[in-house]
Amino acid sequence: MERVLDSGHISNGQWLPAAPERLVFSRVSTDSRTLFQPATTLFFCLRGPRHDGHLYQQEAWEKGVRHFVVDTIPENPQPDTAYLLVEDTLHALQQMAKGHREQFHYPVIGITGSNGKTTVKEWLYHVLKEEEGIIRSPRSFNSQIGVPLSLTMMGPEHQRALIEAGISRPGEMIKLEALIQPDMGILTSLGSAHDEGFSDLESKLQEKLILFKNSTTLIVPAAILKEYPASFSTLSARLVTWSTSGPADLQIFSRRDLEHRQEVTFRYHERDNKVIIPQSDDASFANAMTCLLTALTCGRDMKQICDRIQTLSGLSMRLESREGWNGNLIINDYYNADLEGVRIALSFLHQRRGNRSAWIILSDLDDTGLRTFELVQRIAVLLQDTPFQRLSCIGSQGPELIRELGNPLEATWYPDVRTFLENNDFQSVRDTAILIKGARRFALEEISRTLTRFVHRTRLEVNLTALSNNLKAYAEQLRPTTKIMVMVKASAYGSGSADIARLLDFQKVHYLGVAYADEGVELRQAGLQLPIIVMNPDESSFASIMQHRLEPEIHSIDQLRQFINFLSPADPVTPIHLKIETGMHRLGLTEYDLPVLIDLLSGLDQIYVSSCFSHLSASENKEHDAFTHQQTAHFLRFTDQLFKVLGYSPMRHILNSAGILRFPEYQFEMVRLGIGLYGLEPSPTGSYQSALTLKTHIARIHQVPAGDSVGYGRKGSSSTERTIATLGIGYADGLLRLAGEGRFSVQIHGQLAPTVGAICMDMCMVDISHIPHVYAGDEAILFDEHYPISHLAKSLQTIPYEVLTNISSRVNRIYYHE
């Protein structure tokens, strides 16, 4: 039976032109970039502080959408198109989701907490899915928009729903509770995430507990209940707890460390048992106990639950991409095997492929609750909306899917992964984006290993979800009319310029900035069409700039003359960007240049000044705020004089990442976002998240006797016996020699391990004598969200910019969505 979304749940709306009061749809959308089945989609035009979905009606209409929910009818309505006029489009979306949710009477579990919401949701899904069809929130869809979108995915083929709810300020949870209406609740944790919206932890807890005001059962750690008993006193729900000390429904007696795992002994309803958790950290322990208790409360078999928890080690919770051989891009998604997961993966493929061809490798889907013929029909619809050049199906559903698609020549079928690997010549595959998607039981990682270029286990992980969130957080600091330029020079600070630029294009930034023309040419060759400013052009690069539609910075009179002389009458009108010297004393036009500049630009039709800009010397340093104001005043004097003569007003931009946060009065028409995009430096509080993780692995652990030295130059000696771990990273990877001899510490199992001796070219050694239960193969973190890059930068006597740009190209870049 098909899922039906009924517009009749939206009250006080009027269809224009007049339409039946009740129209039904297969899906809803708020994003014109990720449309599937547009003909049966209801598109909600949402408004926000810096976005307006009404502006993307044309794009959605061109992709096939014919039904829109709007708060304003467009001046020129599209033909054969219906508009549902409402007062508030977000409220209309929530109304529709609430009405849809109330059609289903199977159990709904609402999940909230400061940390662990998504992990608990995914692990619980893994534990419960074999016995019943389960719908769950995709990724981290837990906001005022994400929750209603999640609820519209509920269908008659499901028997349970797992819905995640997140808040950042008071007054939000009551709206989410009215939508989710959970029968059972899970409170995962209580911590400092999103503290800025609340006066203290207890007020945050009380807001979260609103989600469970009508629930019959609430799973909660006993430690939270013990610390804040008054907050729970108003709930009518039965409280079900787990604890490592004191009475609880699930009592934990012991945790025993195993290699990369932990064994937990527990008691539930007078029955003792053990469970192996395939991770050794505290967060995984807490999340696993929550999942265990929830599954037991749902009446599941204890042995079955424990067996499934033990298999969580291979459960990836992210969709990731990495570089393959011959210019290929490998996209791995063993995250889930349901239809919504396929849709998300196909959207990610479309976003990341650039100008590569597309090859989809798809196994059977296990987690849909649909009969095979119905499942195949729905997959076919998704694939028909996705341009691809090659399709490989693995598993028993493949032949039926290929027939449903009309037996295309580019589609092949294989019964298993081994047969697929034996019958494909991967050396001949070039410049292709390869999506590997399907169920975990097929071991699709074997395909990924064959196709992936890098085997070096040191890797820089780029969290694209965090990047998107950081971009949004910075955008929220700006006026709606202020544009954003993002700097992607120096390979996007070492993270990979083309890959980051594709994300920025998807997020609809206005400009990209590079240092040299070669970087801009690389982006054009990767398929990027955004305007690109070249910040350091020289005369030899003008031909490339014109050929690839790049826009040069002009920072001197001589350079402007060179560019004017280079242009031919046949060249189009070319935008330029004038760099103004205001105190950096690096590059830029001065006030003494103004008369000549005005003379050169007057009556010149082939050049258009698109923007004027300058660089702040110390926007991050409060001590130099007076100088920042002086620089900006100088900048405004220059542009005011220039604009009077030009007869038009180019954009102005002077703020960098720190300036955006500290000087909102100087936003002007555009700002330049750089390292702030990555959540590194400056280090703002609040909604910003570090998006980069540099990690390596332990290659060997060995005992070093007292008095023995470690490494080159015999500098790492000690009077005591030590346990030394050798790591697979050295100065050829970007960990420079200054980090040696104890000046820097990596993080292993959450504890600091100082370097010992000199950093080698490909390896380094650290002291782990004080860290228990460490094994070869364990990860070592050089920086991440919780261990900031500033520690490494300080040890190297430099800044984070230099640390990132020093990371070697042989270090594997892995891009992922959470």
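The values are calculated or read from the model by the stated rules, or taken from the named source; none is laboratory data. Keep in mind the model is a prediction, meaning the values are calculated, not measured. Cβ sites come from the backbone with ideal geometry, for glycine too, and all protein chains shown count toward neighbours. Note: accessible area is taken over every heavy atom of the protein model, side chains too, but ligands, DNA and RNA are not part of it. Shrake-Rupley method; radii C 1.70, N 1.55, O 1.52, S 1.80 Å.
Rolling a 1.4 Å probe over the protein chains gives GLU157 an accessible area of about 30 Å².
An ellipsoid equivalent to the chain, defined through the eigenvalues of its Cα gyration tensor, has semi-axes of 44, 37, 28 Å when rounded to whole angstrom and sorted largest first.
The GluC sites (Glu not before Pro) of the range 257-292 meeting both criteria, a DSSP state outside H, G, I, E and B (loop) and at most 16 other C-beta atoms within 10 angstrom of the site's C-beta, are GLU259, GLU270. Among the listed pairs LYS129/LYS695; LYS208/LYS303; LYS117/LYS303; LYS98/LYS472, those with a Cα-Cα distance over 30 Å are LYS129/LYS695; LYS208/LYS303.
Across the protein chains, with a 1.4 Å probe defining accessible surface, the residues LYS489, LYS472 rank LYS472, LYS489 from largest area downward. Just need the relative contact order of the range 619-761 here, percent rounded to a whole number, with Cα pairs under 8 Å and 6+ apart. Result for the range 619-761 is 15 percent. Note on the range 451-515: with neighbouring protein chains present and a 1.4 Å probe, carbon and sulfur make up 47 percent of its accessible heavy-atom surface. In the range 6-129, the portion of solvent-accessible area held by carbon and sulfur atoms comes to 50 percent [1.4 Å probe, whole percent, DNA, RNA and ligands not counted].
If you find the alpha carbon centre of the range 738-806 and of the range 436-510, how far apart are they in angstrom? Answer, in whole Å: 24.
Over the chain, Cα pairs under 8 Å with separation of 6+ residues give a relative contact order of 9 percent. Each Cα pair under 8 Å and six or more residues apart adds its sequence gap; the mean of these over the residue count of the range 145-285 is a relative contact order of 14 percent. Using only helices, what value at 222 nm comes out for the chain when you add -39,500 (n - 2.57) per DSSP H run of length 4 or more and divide by the total residues, to the nearest 500 deg cm²/dmol? Estimated from H runs of four or more residues: -8000 deg cm²/dmol. A 1.4 Å probe run over the chain, with the rest of the protein chains in place, finds 42 Å² accessible per residue. With Cα atoms as the point set, the range 473-549 shows a radius of gyration and Dmax of 12.7, 40 Å.
Here r is the Cβ-Cβ distance between GLN630 and GLU669 and R0 is 25 Å; the resulting FRET efficiency, rounded to 0.05, is 0.70. Of the solvent-accessible surface of the range 692-771, computed with a 1.4 Å probe over protein heavy atoms with every protein chain present, carbon and sulfur atoms account for 50 percent. Values of log10 I(q)/I(0) for the range 291-374 across q = 0.17, 0.18, 0.23, 0.25 Å⁻¹ run -0.87, -0.92, -1.16, -1.24, by the Debye formula with one identical scatterer at each alpha carbon and no solvent.
Spatial offset of the range 695-732 relative to the range 532-604 amounts to 54 Å, using the alpha carbon center of each. Looking at the chain, do any whole DSSP H helices span at least 24 angstrom along their long axis by alpha carbon and average -0.5 or above on Kyte-Doolittle, and which? Flagged H segments are 625-646. Its alpha carbons give the range 522-632 an Rg and a Dmax of 15.7, 51 Å. THR720 contributes an accessible area of around 80 Å² to the protein surface, as traced by a 1.4 Å probe with all chains present.
Counting only lysines at least 8 places from LYS489 when in the same chain, there are none with an alpha carbon closer than 16 Å to its own.
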